[in-house]
Structures are given as structure tokens and as C-alpha cells.
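> Following this message is one structure expressed as C-alpha cells.
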Amino acid sequence: MTKIYLDNAATTPLSNEVIDAMIETMKINFGNPSSTHSFGQEAKILIENVRRQVADYLHVSPAEIIFTSCGTESNNMIIKSCVEHLGVERIISSPLEHKCVSESILDMKSRKGVEVAYIRPNEKGDIDLSKLEDLLKSSDKKTLVSLMHANNEIGNLIDLKKVAEICKENNALFHSDTVQTMAHMTLDFSDIPVDFASCSAHKFHGPKGIGFAFIRKASGLKGIITGGPQERSLRAGTENVAGIAGLGKALELSLKNMEEYSSHMQNIKKYTVERLSEQIPGVKFNGRSSELNNSLYTVVSVLLPFKNPLIGLQLDMKGIAVSQGSACSSGASKPSMVMMMVLSEEEMDHCTPLRVSFSHLTTKNEIDALVDALKEISKDFVIENTNVEHR
């Protein structure tokens, strides 16, 4: 059975060039980067070269790039340190955030008494920036705004620069979870006054277990993992040298091929929306995920017009890997918070959400196979609710 992978928002396959770069690093640059002898210093040079590479991409100083294990660690470090070390007393966020952000915020509310305010999205999953401005002007408390750049389930984008400017005008700190857009979009943090951002290499064909945090210089942020001076004393522990080499190679390939890759995925996304619309009567799309210009090109969030909580398993048995939501929520009995925000109660009772996500490796033949499989599965269901109102 040919296997088809359409869950690239969860993770992407490693490219051969990345694997080769990591193997070479493990063979040659095995020294501890904190050691003063040549073995250690060679590993240290490799790390600093990748740090400069990342900094050049974002148009920032290398000192503002801190290597971590992943986006989750980066987001935890930023949010918790803002409260514990920068005196943040209030956090403004939205119900659409990844769980590593939302649970970090709730942890700070529970343990540190931080005031939390949420901007409820509209039925399309959009954030009203006038509400953000109103919230910022309503209090003199030191505030952190945490809003993700692209939603990992429905692909909605925020205007990163506009949000950053609103925060700056109101003396608030701004953190954005940029895990889904890093290395997929052009980002210039010399022009976008974001204070903090996050990255996971495995979202752009790099290895798991490595990412970075962007921390604006002079922010005063301190580390939450202590024990050594690594990463400017912001993240103690021996660095993952091979992982950093893999991140660097994956970033190099992504930036070199960004125009080609993005064009391919936009075409695949358009084809997916067209084929599903033609072949599955009553199908709908969540948020703005079906729009080419207003959403992340790697994701389509589908709403099937029948209830089938086992559809992910059924597709997997046919060799097709997709997701029914965020990978971090897989196995959960309840719908994700994102789906609860953008779907009506009737839709949640009678329909099935499905996330299809692409890479530059995805083909139209694979999309055809997905559509055929969904058509076959749908035969077992009486579709009576094609007129269910989509919020």
C-alpha cells in the first residue's frame, strides 16, 4: 500500500541534505561547545555560524537568537520569564493559541496571579485589532500581548506588523508564536517591532528537538533553565550541535527555494479546495483556510457534512495521514478550542473537521487519492445537513 502524508502542519519529513549535514556533524563536530580545546571550539563555530544565518534571515542581531529544543520551550520561556523577570501583570491573548501558549498563560494566572484577557475571534477566526487597542488602553498594568502569526489548525494570519505597532504605541510587549510561518514566509524583524518570537525546525523539514527563540536585545528577559552560561545564559545545557546543524541546513534550503515551494503549495491548496468542493456535496472550509491570499498556504481546514469521529483512523487504514486538529490535541475526546471558536454547536454535533496540510513534496495525485477515499467513506453516511449554517 502506497502511503500518503498530508499532515505537514504537525511535522515535515527530513530532507536528505539535512540528514547528511547532521550525520557529518555527529561524526566530525562531536566536541562540547563549552570546551576550550579545538574539538569544542569547532562545534562552537558551527553553532555561531547557524546563529548568524538565522539572524540574517530575520534581519536581527545574532545575539537575539537563542537556540532551544522547540517552539514549545521557546514560548514557555518567553511567557513565563516576562511574568517572573519583567514584571508583566497582565496578558492579552486569544482562544486560538497553541496549547503551549494558552497553558503557559493559565499557569502564570494560577501561580503568579496574572490578569488574563482574551480577544474572542469572529466566526472566520479573525482577531479584531480595535478590541486589542481598547484592551491595551483600559489598564496601566504592564502587559504582554501573545498572538500567533498563523493558526496551526485553520491557517488564519494576523497582520504581524500592525499588531506589533499597536503594542509599541501602548507600551506593551508583543510575543508571537511564529512556528507555522518561520522559513515559510519572509520575516523582517528590523521592520516588524515584535519583541519575542518562536521557531521549531521540524516544521520546515528540519529535525525535531531543535528550535529557537527570538528575544529582542535589551528586553531584560532571563532564562528559566539554569545551570550554565550557554546561549547567553538564557538557556543552560549542552547545545544540540547536530540539531542546530540540521536547522541551519533546513533553513538554507527553505529560503533558497521559498518562491518555488510556496508557489507549488498554493497550487496544491487551490486544487484541494476545488476537488473537495466538486466531489463532496456540502463540504465547507473553516476559518479562512480556503482563501489563497488571507491564510497560510500549507493548511486547509475542511468541514465534512457528516459526523464521523473515526475518519482519521479510516483514512490511515487506507494509507493516508491527515489530522483532525492540532497534533498536540490528538486523541482528545473534545473538539479543540479553535474548532469551538469557529464552528456552531450544530456543526460540531453533525459535521467532522479535518486538517489537510501540505509540503513541497505533496502531489495532485495524492490529493486525488484523499478525495476518492473521502467519497468512499461518505457513502456510509446519510448527508442530511448540507444546509447547516456555517458560522
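The values are calculated or read from the model by the stated rules, or taken from the named source; none is laboratory data. Predicted, not measured: the structure shown is a model, and the values here were computed from it. Glycine gets a Cβ as well: all are built from the backbone with ideal geometry, and neighbour counts include every protein chain shown.
> Only one of these is under 19 Å from the mean Cα position of the chain (by Cα), outside any helix (DSSP H, G or I) and over 22 Å from Ser290 (Cα atoms): Val88, Val145, Val116. Name it.
Working: Val88 fails: under 19 Å from the mean Cα position of the chain (by Cα); Val116 fails: under 19 Å from the mean Cα position of the chain (by Cα).
From the options Val88, Val145, Val116, the qualifying one is Val145.
> Next up: Do any residues in the stretch 167-185 that are part of a strand (DSSP E or B) have Cβ atoms under 7 Å from those of residues that are among the acidic types (Asp, Glu), where the two are at least six apart or on different chains, and which pairs are they?
So the pair list comes out as Leu173/Asp195; Phe174/Asp195; His175/Asp195.
> Every residue in the stretch 89-105 that is surrounded by 19 or more Cβ atoms within 10 Å (Cβ to Cβ) and touching a Pro at 6+ places or on another chain (Cβ under 8 Å), please. Can you show your working first?
Residues of the stretch 89-105 that are surrounded by 19 or more Cβ atoms within 10 Å (Cβ to Cβ), as a first pass: 90-94, 96-98, 100-102, 104-105.
Once the filter is applied, which keeps residues that are surrounded by 19 or more Cβ atoms within 10 Å (Cβ to Cβ) and touching a Pro at 6+ places or on another chain (Cβ under 8 Å), the stretch 89-105 yields Ser94, Leu96, Ser102.
> List every residue pair whose Cβ atoms lie under 6 Å apart, where the two residues are 6 or more positions apart in sequence or sit on different chains, the first residue falls within the stretch 72-88 and is under 12 Å from Ile105 (Cα atoms), and the second residue, located anywhere, is among the aromatic types (Phe, Trp, Tyr) and not in a helix (DSSP H, G or I).
Ile78/Phe196
> Kindly provide the set of residues from the stretch 188-229 that are aliphatic (A, V, I, L, M), crowded, with 18+ Cβ neighbours inside 10 Å and over 20 Å from Ser104 (Cα atoms), ordered by number. So that I can check it myself, show each step before the final result.
Taking the stretch 188-229 first, the residues aliphatic (A, V, I, L, M) are 192, 194, 197, 201, 210, 213, 215, 218, 221, 224-225.
Then keep just the ones that are crowded, with 18+ Cβ neighbours inside 10 Å; that gives 192, 194, 197, 201, 210, 213, 215, 221.
Within the stretch 188-229, Ile192, Ala201 meet the criteria.
> OK, next. Could you pull out the residue among Ser61, Ser35 that is among the small types (Gly, Ala, Ser) and within 21 Å of Leu221 (Cα to Cα)? Give the steps one after another, and end with the answer.
Details: Ser35 fails: within 21 Å of Leu221 (Cα to Cα).
Only one candidate passes the filter, namely Ser61.
> Moving on. I'm checking my understanding of the structure. Among residues of the stretch 207-240 that are in a loop (DSSP other than H, G, I, E, B) and hydroxyl-bearing (Ser, Thr, Tyr), which one is modelled with the highest pLDDT?
Step one: list which residues in the stretch 207-240 are in a loop (DSSP other than H, G, I, E, B), which gives 207-210, 216-230, 234-240.
Pick out the ones that are also hydroxyl-bearing (Ser, Thr, Tyr) and you get 219, 226, 238.
On the way: Ser219: 94, Thr226: 93, Thr238: 97.
The extreme case among them is Thr238.
> Which ranges mark the helices (runs of 4 or more DSSP H) fully within the stretch 241-356 that have 3 or more residues being of a type in the set (Asp, Glu) and out of contact with any strand residue (DSSP E or B) (no Cβ under 7 Å at 6 or more places or on another chain)? So that I can check it myself, show each step before the final result.
On the way: elements: 241-256, 258-279, 311-317, 337-342, 345-350.
Of the helices (runs of 4 or more DSSP H) lying wholly inside the stretch 241-356, those with at least 3 residues that are of a type in the set (Asp, Glu) and out of contact with any strand residue (DSSP E or B) (no Cβ under 7 Å at 6 or more places or on another chain) span 258-279, 345-350.
> Cβ contacts < 9 Å: first residue free of Cβ contacts under 8 Å to residues at least 24 places away in the same chain, restricted to the stretch 234-259; second residue surrounded by fewer than 23 Cβ atoms within 10 Å (Cβ to Cβ) and among the charged types (D, E, K, R), any location; separation 6+ or different chain. Result?
These pairs meet every condition: Gly237/Glu231.
Okay, residues lined up against (1) within 20 Å of Leu160 (Cβ to Cβ); (2) out of contact with any strand residue (DSSP E or B) (no Cβ under 7 Å at 6 or more places or on another chain); (3) assigned by TED's automatic domain parsing to the domain that holds Val338; (4) modelled with pLDDT of 95 or more:
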{"site": "Ser69", "(1), (2), (3), (4)": "no, no, no, yes"}
{"site": "Gly87", "(1), (2), (3), (4)": "no, yes, no, yes"}
{"site": "His98", "(1), (2), (3), (4)": "yes, yes, no, yes"}
{"site": "Lys109", "(1), (2), (3), (4)": "no, no, no, yes"}
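> Moving on. Quick check on Ser176: is it crowded, with 24+ Cβ neighbours inside 10 Å and of a type outside the set (A, V, I, L, M)?
Working: crowded, with 24+ Cβ neighbours inside 10 Å: yes; of a type outside the set (A, V, I, L, M): yes.
Yes.
> Which condition number does Gly319 fail, the rest of (1) among the small types (Gly, Ala, Ser); (2) in contact with a His (Cβ under 8 Å, 6 or more places away or on another chain); (3) at pLDDT 95 or above being met?
(2)
> Same structure again: Would a scan of the stretch 230-247 turn up a residue that is under 18 Å from the mean Cα position of the chain (by Cα) and either surrounded by fewer than 23 Cβ atoms within 10 Å (Cβ to Cβ) or aromatic (Phe, Trp, Tyr) (or both)? Explain how you work it out, then say what you get.
Within the stretch 230-247, the subset under 18 Å from the mean Cα position of the chain (by Cα) is 247.
This time we only want the ones that are either surrounded by fewer than 23 Cβ atoms within 10 Å (Cβ to Cβ) or aromatic (Phe, Trp, Tyr) (or both), so: none.
The answer is no, given that none of the residues of the stretch 230-247 is under 18 Å from the mean Cα position of the chain (by Cα) and either surrounded by fewer than 23 Cβ atoms within 10 Å (Cβ to Cβ) or aromatic (Phe, Trp, Tyr) (or both).
> If you don't mind, another one. Scan the stretch 106-117 for residues that are of a type outside the set (S, T, N, Q) and surrounded by fewer than 16 Cβ atoms within 10 Å (Cβ to Cβ) and jot them down. Let's see the steps before the verdict.
The initial filter retains those residues of the stretch 106-117 that are of a type outside the set (S, T, N, Q), namely 106-109, 111-117.
Selection gives Leu106, Asp107, Lys109, Arg111, Lys112, Gly113, Glu115, Val116.
> For residues that are among the small types (Gly, Ala, Ser) and in contact with a Lys or Arg (Cβ under 9 Å, 6 or more places away or on another chain), scanning just the stretch 140-185, find the one that is farthest from His59 (Cα to Cα).
Restricting attention to the stretch 140-185, the residues satisfying the condition of being among the small types (Gly, Ala, Ser) are 146, 150, 155, 164, 172, 176, 183.
When the remaining residues are screened for being in contact with a Lys or Arg (Cβ under 9 Å, 6 or more places away or on another chain), the result is 155, 172, 183.
On the way: Gly155: 25, Ala172: 22, Ala183: 13 Å.
So the residue we want is Gly155.
> Determine which single condition Ser190 fails, assuming it passes every other condition in (1) under 30 Å from Gly31 (Cβ atoms); (2) in contact (Cβ under 8 Å) with a residue 40 or more places away in the chain; (3) part of a loop (DSSP other than H, G, I, E, B).
Single failed check for Ser190: (1).
> Is it the case that some residue within the stretch 128-137 is out of contact with any helix residue (DSSP H, G or I) (no Cβ under 7 Å at 6 or more places or on another chain), assigned to a loop (DSSP other than H, G, I, E, B) and farther than 12 Å from Ile91 by Cβ?
Looking for residues that are out of contact with any helix residue (DSSP H, G or I) (no Cβ under 7 Å at 6 or more places or on another chain), assigned to a loop (DSSP other than H, G, I, E, B) and farther than 12 Å from Ile91 by Cβ, one finds at least one in the stretch 128-137, hence yes.
> Name the single residue, out of those in the stretch 1-44 being in contact (Cβ under 8 Å) with a residue 12 or more places away in the chain and of a type in the set (Gly, Ala, Ser), that is surrounded by the fewest Cβ atoms within 10 Å (Cβ to Cβ).
The qualifying residue surrounded by the fewest Cβ atoms within 10 Å (Cβ to Cβ) is Ser34.
> Does the stretch 270-328 hold any residues that are in contact (Cβ under 8 Å) with a residue 60 or more places away in the chain, among the aromatic types (Phe, Trp, Tyr) and out of contact with any Cys (no Cβ under 9 Å at 6 or more places or on another chain), and which are they?
Hits for the stretch 270-328 are Tyr271, Tyr297.
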